[in-house]
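Reading through the structure tokens given below for one structure.
No value in this document is a laboratory result; all are computed from the given coordinates. Everything quoted here is computed from the prediction, not taken from an experiment. Cβ coordinates were reconstructed from backbone atoms using ideal geometry, including for glycine residues, and neighbour counts include every protein chain displayed.
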There are 6 protein chains.
Amino acid sequence: MTEQFTHFDESGRPHMVDVTHKEDTDRVATAQAVVEMLGATRELIEGKGMKKGDVIQVAELAGIMAAKRTADLIPLCHPIPITKVTVQCAWLTNSTAELASLGIIATVHTTYRTGVEMEALTACTTAALTVYDMCKSVDRAMTIRDIKVLYKRGGKSGVFQQD
Amino acid sequence: MTEQFTHFDESGRPHMVDVTHKEDTDRVATAQAVVEMLGATRELIEGKGMKKGDVIQVAELAGIMAAKRTADLIPLCHPIPITKVTVQCAWLTNSTAELASLGIIATVHTTYRTGVEMEALTACTTAALTVYDMCKSVDRAMTIRDIKVLYKRGGKSGVFQQD
Amino acid sequence: MTEQFTHFDESGRPHMVDVTHKEDTDRVATAQAVVEMLGATRELIEGKGMKKGDVIQVAELAGIMAAKRTADLIPLCHPIPITKVTVQCAWLTNSTAELASLGIIATVHTTYRTGVEMEALTACTTAALTVYDMCKSVDRAMTIRDIKVLYKRGGKSGVFQQD
Amino acid sequence: MTEQFTHFDESGRPHMVDVTHKEDTDRVATAQAVVEMLGATRELIEGKGMKKGDVIQVAELAGIMAAKRTADLIPLCHPIPITKVTVQCAWLTNSTAELASLGIIATVHTTYRTGVEMEALTACTTAALTVYDMCKSVDRAMTIRDIKVLYKRGGKSGVFQQD
Amino acid sequence: MTEQFTHFDESGRPHMVDVTHKEDTDRVATAQAVVEMLGATRELIEGKGMKKGDVIQVAELAGIMAAKRTADLIPLCHPIPITKVTVQCAWLTNSTAELASLGIIATVHTTYRTGVEMEALTACTTAALTVYDMCKSVDRAMTIRDIKVLYKRGGKSGVFQQD
Amino acid sequence: MTEQFTHFDESGRPHMVDVTHKEDTDRVATAQAVVEMLGATRELIEGKGMKKGDVIQVAELAGIMAAKRTADLIPLCHPIPITKVTVQCAWLTNSTAELASLGIIATVHTTYRTGVEMEALTACTTAALTVYDMCKSVDRAMTIRDIKVLYKRGGKSGVFQQD
């Protein structure tokens, strides 16, 4: 039957790209997300007054766990044996009494043949969504913004860095 | 053993809130995400020239599938029997030759006792991450922004709408 | 942003179809798969001589568990609260000393607003793949064939039956 | 093909039992687990000195999330739409300076046609395993004991209670 | 306690076989499935007239994603870090106006110590089930047939090939 | 944004610890769980009279499959490519006509940079929970006890053994 498949035009057909012959190297990626909320919501978070619990702790943990589910969620991602994950939240200095910004930074490491930026992005994004879930009863208009890769190292493409 | 657990101070302790005695009602939520990319990246997507395949199709499907995984990812979300999901991408009119914005809108329906805004947010966010994954080899600086709930209906809190 | 999404041509866009306003009804679906193997492989299975264990037991259990994962695997399936699953294997009467056919039948029940034929198909198919996995070291040429829905009841489309 | 399956002897064949015609009722189940550890380990947990983080918080959250995965883990469990989960840890009064006992109690609610004791057991057990994971570098001999159902209400079998 | 376990008769007991001391080698497996349907169903697929969306695209993507879930579904499969997956559909030349056959071929690569034929089989089978799901409203009698391994290379057992 | 994250006090923040620069070594871990039940329940299990099927077979298989899900359940566990899993049940010699003890031993192997005791614990614990699930209709008071690591080898910490 196979010969009927040999002359495919590959354009537009999704596939998981081949990393079979790439080298294992130390790889790191750092990504961020920002959750913008009312200053009053920040106060509730800091006072641990949210009905669903300690927002920052739960969000960071959700981010770590999500990093391990990346290949389940992103269709063409390779499964990657990640060797370290950290997720950290901090209030950004541009926060005001009216509007507060919670920065979330995720860093993922591996020693494998493909990069971990999707894992870092999935981690900080899921942490941000978890913040939304825990605070939505008091602040439904929260916005998640500025999700991007800050840093990436390892593999042929070298170091990538942006602010 | 239980009596040792009766006098807990509940502050800070995460839990899945009780929806046991809430009524089943028709509920809908719509959420959005925006992926900002180079105009050149948009051209590749529209020409279906991306190495990993048809970006829009794969992203929309990834969003639909992710809606079903919401309770796996967001720690305190209830599992919800969703009855309809749509995910749609469209280029925003503020796109220029240099910088293009892909809007992603997800709408989720249920007939259950708690809302589906987390499912809608998870769907459009995962679709956005999938766009990043498929285009990252040509445009590593893409940013995901303006993730928010646009509309929510059903349940005690009534209709919520924002632009 | 939403008005940029209103005039979509829907053709070709995948979505999870709306079952919000369908009635809950008792629904049943039965599906089958057949694994064709060497007669010698059947003898090993019946003698429980396979290196990986009791093939029939493991396959039936794998089928039951897979029924619960259907919505994770099939992109546009609704998550369904299934209320009963059975998976049964039996040697078909057309088996000979050279070539044996193992029939696998899965029946799934629900009381919900959409049918369970995908759950029944996923159950018997996964059971068949499990048979392949457990016997592949001795019979790599096994073939799985005749996967189809035998019976379906409940919902607007009425009863469906085929041999 | 089906007639070859009609005269099965059912003994020994696993299946998910039929709950199709059972009534939806309010159901609650409470289960416990106990982690026995060195007094010195307890001191580290209370001082939040563990390398992996705040043990109690992480364990309680892991328990809540595991309750949602019960049907994935326990082969013949039905998927159940749980409506509330709490997991609480407390040091038991029989703890001494040498040996400390951490009690973990999980309570799960549903309004469905089958009970949630497996969800409660899975929640407190996974919380206990998480405590082990976070403390194993300092106390590899920890033991988990006395996992049992404390209370169960709802459905035909009435109330069950034990100490 | 362990000595009570030393004299087990291993027959009939399932286990995940030991690959600890096998060498990492380049491994490839190709498997196929065929979906037989009405000619009219093929026309709808080719015209992209199916209510659920572009059947071929969704099916191929579902197959790729399913390859990553193989160890979750097949009880005794090892988790394998797959390095490449492709799934391709094509109409077979034996199709007629009345009855059409859609061939699905999946190829999976790894550099690991055990083969990937189960991943290839799971990919093409899930793609076939997805075709069934998307077309079942118009053609409930579709049949999936001829699921088998076409090619396998790598490891001690050498090259395996069949038509 | 990153410099706002540099002066964190790390205490209390959960993270997945770094194993990036640890060596791959052969690692083994063995763990146990014990299910205590009525003698009458044991008789039903041995007579395969349980309504849900052959208890021992299903429990052992559930344990094997759960070992593969460990990193999904235990928040800070690394995903580990396990190379072998066995789960074995045996009646302990301290069983009496009134009270029977079923011992469950799980052994997991890997060639990786971190240990597999959590995988072994998750396997035997899930097997024990599965026994509870299958027998709960006749013996709701069953207790799971003595879950612990019996043996661990590989890595810097050397051999660990306890009774």
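Report the net charge of residues surrounding B:Thr126, where surrounding means a beta-carbon distance below 13 angstrom and charges are Lys +1, Arg +1, Asp -1, Glu -1. It works out to a net charge of -2.
For the rotational copy relationship between C and D, the axis lies nearest to a chain C beta carbon, identified with its distance in whole angstrom as C:Pro81, 4. Applying the Karplus relation 6.51 cos²θ - 1.76 cosθ + 1.60 with θ = phi - 60° to the range F:68-80 yields 3J(HN,Hα) values of 6, 9, 3, 5, 6, 9, 9, x, 9, 6, 6, x, 10 Hz, where x marks Gly and Pro. With label points defined 7 Å past Cα in the direction of Cβ, position E:Gly39 shows copy-to-copy spacings of 4.1, 5.0, 7.4, 7.4, 8.7 nm, given to one decimal and shortest first. Sorted from shortest to longest, the distances between the C:Val138 label points of this copy and the other copies are 3.3, 4.6, 5.3, 5.3, 6.5 nm, with each point 7 Å from Cα along the line through the beta carbon. Which one, E:Thr20, E:Thr70, E:Thr122, has the greatest fluctuation when you compute a Gaussian network model over chain E with C-alpha springs under 10 angstrom? Per the Cα network of chain E with a 10 Å cutoff, E:Thr20 tops the list. In the protein assembly as shown, the C-alpha radius of gyration followed by the widest Cα-Cα span (Dmax) gives 26.5, 82 angstrom. F:Ser137 sits among other residues whose Cβ lies under 9 Å from its own Cβ, and their net charge, with Lys and Arg +1 and Asp and Glu -1, is +3.
Phi angles across the range C:92-105 convert, under the Karplus curve 6.51 cos²θ - 1.76 cosθ + 1.60 with θ = phi - 60°, into 3J(HN,Hα) values of 7, 6, 7, 5, 10, 5, 7, 9, 10, 10, 9, x, 10, 10 Hz, Gly and Pro given as x.
Which FRET efficiency, nearest 0.05, do F:Trp91 and C:Thr20 yield, Cβ-Cβ r, R0 51 Å? Computed FRET efficiency for F:Trp91 and C:Thr20 comes out at 0.45. Of all lysines in the structure, those lying under 16 Å Cα to Cα from E:Lys156, and not within fewer than 8 positions of it along the same chain, are C:Lys136, E:Lys22. Which residue fluctuates most in the GNM of chain C (Cα springs below 10 Å): C:Val28, C:Val87, C:Val58? Taking springs between Cα atoms under 10 Å, the residue moving most is C:Val58. Distances between copies of A:Thr93, taken at a point 7 Å out from Cα along the Cα→Cβ vector and listed shortest first: 4.0, 5.3, 7.1, 7.1, 8.4 nm. When both the range B:29-85 and the range A:77-91 are represented by their alpha-carbon centers, they are found 20 Å apart.
Average 1/r across all pairs of distinct alpha carbons in the range F:101-152, invert it, and you get the Kirkwood radius: 12.3 Å.
For the protein assembly as shown, the Cβ-based charge dipole about the Cα centre amounts to some 0 debye (Lys, Arg positive; Asp, Glu negative; other atoms uncharged). Counting other Cβ atoms within 10 Å as a rough exposure proxy, the listed residues C:Tyr151, D:Tyr112 run C:Tyr151, D:Tyr112 from fewest neighbours to most.
Using θ = phi - 60° in the Karplus curve 6.51 cos²θ - 1.76 cosθ + 1.60, the 3J(HN,Hα) couplings for the range A:151-159 round to 7, 8, 9, x, x, 5, 7, x, 8 Hz; x is entered for Gly and Pro. Exposure proxy ranking for E:Met118, C:Met37, based on other Cβ atoms within 10 angstrom of each Cβ and starting from the fewest, stands as C:Met37, E:Met118.
Of E:Ala33, E:Ala90, E:Ala59, the residue with the greatest mean-square motion in the GNM of chain E, using alpha carbon springs below 10 Å, is E:Ala90. Is the range F:17-132 rounded, prolate or oblate when judged by the Cα gyration tensor, a ≥ b ≥ c being the square roots of its eigenvalues, rounded requiring a/c under 1.5 and prolate requiring a/b larger than b/c? It is prolate, given that a/c is not under 1.5 and a/b is the larger ratio. Estimated from helices alone, the mean residue ellipticity of chain F at 222 nm is -8000 deg cm²/dmol (sum of -39500 (n - 2.57) over DSSP H runs with n ≥ 4, per residue). With a cut-off of 9 Å between beta carbons, the residues surrounding E:Phe160 carry a summed charge of +2, where Lys and Arg count +1 and Asp and Glu -1.
Note: the range B:9-78, Cα convex hull, 160 Å³ per residue. What is the calculated FRET efficiency for B:Lys156 to D:Arg140, with r their C-beta to C-beta distance and R₀ = 41 Å, to the nearest 0.05? Calculated value: 0.25. Using bins of 5 Å that start at zero, the share of Cα-Cα pairs per bin across the range E:62-121 amounts to 4, 18, 26, 17, 12, 9, 8, 5, 2, 0, in whole %.
From least to most packed, judged by other beta carbons within 10 angstrom and beginning with the fewest, E:Lys52, D:Lys156 follow the order D:Lys156, E:Lys52. Compared with the dominant principal axis of the Cα atoms in chain A, helix A:55-67 is inclined by about 0°.
Backbone amide hydrogens, once placed in the peptide plane, bring A:Leu99 within less than 5 Å of A:Gly39, excluding anything fewer than 5 places away on its chain.
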